Amino acid sequence: MSWKLAQLDDPQLVRLYRILSEMLDSDAGDDQRLEEVADILAGRAERAHTAGEMAHDDLALDLVDALAVESNPRSERMRELMRERGWAGWTRPERLAEPPG
């Protein structure tokens, strides 16, 4: 639980949670806030990748991905935005071998 509290000291993560919460309360199809979410997620993924901290629980993350795609149409747009930033996926980011040109 202490790591959860430590996350609240990270302004970028707090901003991410705030944006996601606002988006859940909205029914906008192509929400412009997705761009900022993708920037934050890609930046965090890059730092974790560089630090060697990319560990995944495949089953749990596959279920989260499936739920997101089924429950919110913006999920597919988020995948596209992450690919534009060099990452496949957003709940389980994996560095693309060839970043999009």
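The values are calculated or read from the model by the stated rules, or taken from the named source; none is laboratory data. From a predicted model like this one, the values you see are computed outputs, not experimental measurements. So basically every Cβ, Gly included, is an ideal-geometry build from the backbone, and we count neighbours across all protein chains shown.
Residue by residue, here is whether (1) touching a helix residue (DSSP H, G or I) at 6+ places or on another chain (Cβ under 9 Å); (2) exposed (fewer than 13 other Cβ atoms within 10 Å of the Cβ); (3) at pLDDT 80 or above holds:
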position: L13; (1), (2), (3): yes, no, yes
position: D25; (1), (2), (3): no, yes, yes
position: D30; (1), (2), (3): yes, yes, no
position: S71; (1), (2), (3): no, yes, no
position: W87; (1), (2), (3): yes, no, yes
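If the Cβ limit is 7 Å and pairs must be 6+ apart or interchain, which residue in region 86-101 that is on the phi > 0 side of the Ramachandran plot and assigned to a loop (DSSP other than H, G, I, E, B) pairs with which residue that is exposed (fewer than 11 other Cβ atoms within 10 Å of the Cβ) and at pLDDT 85 or above?
none
Looking at (1) in a loop (DSSP other than H, G, I, E, B); (2) at pLDDT 75 or above, which one does I19 not meet, given that it meets all the others?
(1)
Any idea which residue in region 25-45 is farthest from M78 (Cα to Cα), counting only those that are in contact (Cβ under 8 Å) with a residue 40 or more places away in the chain and either touching a Gly at 6+ places or on another chain (Cβ under 9 Å) or assigned to a helix (DSSP H, G or I) (or both)?
Checking each candidate, the answer is A45.
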